[in-house]
Amino acid sequence: MKHWFHRAPTPSRVRREPRVVPHAGAMPRFGRATTPAPPDARDALRPYVPPPGVREAGALAMDRALSGVHDWAGDGLYDAADPAGDAIGFLGYPVLAQMMQRAEFRKPVEVIAREATREWVRITTPGTDAPDPALSARATQLRTEMRRLRVREVVRRQIVHALGFGLGHVWPDLGQPLSSAGQDAPLVIGPNGIARGAIRRFLNVEPLWTTPDSYNADMPLRPDYFRPRAWWVQGTLVDASRMFSMVPFEVSDIFKPAFNFGGPSLTQMLRTYVHNFLRTRQSVSDLVSNFATKVLKTDMAGAMGDGDKAGATQVDTDSLTGRVAAMNAYQSNHGTFVIDRTHEDFAIVATPLSGLSDLQAQSQEFMASIPGIPLVKLFGIQPAGLNASSDGEIRVFYDEIAAFQEAHVAPVLDRIFRMVQIHLWGEEDPRLDFAFVPLWQMDDAQQAEIEQARARIDAIRAAMGAAKGKS
């Protein structure tokens, strides 16, 4: 007995949760609640690491002038649990590709890409007033060749990549070997750099399979400052002049290595607003399906008794549970509930549904405000009210598309336009140019009214000229 009191206390057993080691290539499922470790603020500035096989063996060839600068900048970032949650850090191409599978992320990207290439371009001849049959024949030949090379579809797909991943590439196939020896030489857009009939196709390359080889991070006054000199494309070194890149949303220089020298995608900017809409939509759906709650008022003191059946108000718990289950099973507008008028009462508590549609519509409008797309274009929602119209919003949206074309599509298309001319004739024709066709166009009635007004003006001017000649 004396040994009993001197025995060491038995430690309480601690339950150990099994350790789950994710697969190296596993991807987090979108929408699943996870509790990752809070990342360091410096992670938002670390250079992008491509998947295996994209880069040849070896480290990133870059100037080391910024060693320590990323750590210094990371100390200046605000301390947040997840910087990527507010679209600060790069989410990674696997996550962005997974987000593009949802209609809420994909639809804005597709709308902008389709609208930017819907009316496409027309071949113009600025500075030539007199008709020139030879020049018109060249314009027709150029238009036909660009259609054969599917330039319009290639540019549309590049816009999808640029808005969906933050970076889009177009690579011209000139029939040269698909190796570093055949692709690392600079591309000169001229008769000495492109032979006649050399262009085979224009190809879109997803940014996942590309990463820069080297860039200048030492002297901001040099033209190649934070501009890749060459790109690795699945183990092949390609000169930067052969990759026609598009970055709609450029970031600061210090963030460019982290974003693979691209920028934040439109899907990443929409992330918070889409999540808010999905949560609001699900909450409204849950509330609509359970907006009415049935209340059975009975003797709960008896129901919570110890089961000795003593007392006149004692209620059998199993019977009460059975009654509730029966009420739930037979509930409908054609059912009848029978209750005890002395000890029981029945009521329905309903949640008011007014205002739910406004809350859901407001969260949906936030998703349209970020890309600047009218609701009728993005969701097909017509404006309500007397004399309501979306013409003004559509005009503003078309102005945004025109600005997007000039800022991001025109630089890529200009290089393709010049290359196709050399491919056809061995030279560039300075008399030929291209212009984007405006999206906002008049219908037949409006066009007829304008033609009639111009005819009246011409008649008035002719009459005034005849009168001056007589005088």
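The values are calculated or read from the model by the stated rules, or taken from the named source; none is laboratory data. These figures come from a predicted structure and were not determined experimentally. So basically every Cβ, Gly included, is an ideal-geometry build from the backbone, and we count neighbours across all protein chains shown. Accessible surface is based on the protein model in full, side chains and every heavy atom, while ligands, DNA and RNA are left aside. Shrake-Rupley method; radii C 1.70, N 1.55, O 1.52, S 1.80 Å.
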Most packed first (mean Cβ within 10 Å per residue), the peptides 422-432, 120-130, 265-275 order as 265-275, 422-432, 120-130
Two pseudo-spin positions, 7 Å from Cα along C-beta at GLU365 and at ARG279, lie apart in nanometres by 2.1
Here the gain from full extension of GLU427 to ILE460, 0.36 nm per residue of separation minus their alpha-carbon distance, amounts to 7.2 nm
Length gained if GLU206 through THR272 is fully extended, taking 0.36 nm per residue and subtracting the Cα-Cα distance, is 21.3 nm
Ordering 233-240, 256-263, 139-146, 355-362 by per-residue average of other C-beta atoms within 10 angstrom, highest first, gives 256-263, 233-240, 139-146, 355-362
Loop-resident trypsin sites (Lys or Arg not before Pro) in region 146-188 with no more than 15 other Cβ atoms inside 10 Å, DSSP not H/G/I/E/B, are ARG150
In nanometres, the difference between 0.36 nm per residue of separation and the alpha-carbon distance of ASP129 and ALA435 is 108.4 nm
Of LYS297, LYS107, ordered by accessible area with the largest first and a 1.4 Å probe, the sequence is LYS297, LYS107
Rounded to the nearest 0.05, FRET efficiency between GLN446 and THR351 (Cβ-Cβ, R0 51 Å) equals 0.50
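Just the number, please: carbon plus sulfur as a percent of the accessible area of region 232-278, 1.4 Å probe, no ligands or DNA/RNA counted.
Working: 760 of 1420 Å².
Summing carbon and sulfur atoms, their accessible area is 54 percent of the total for region 232-278.
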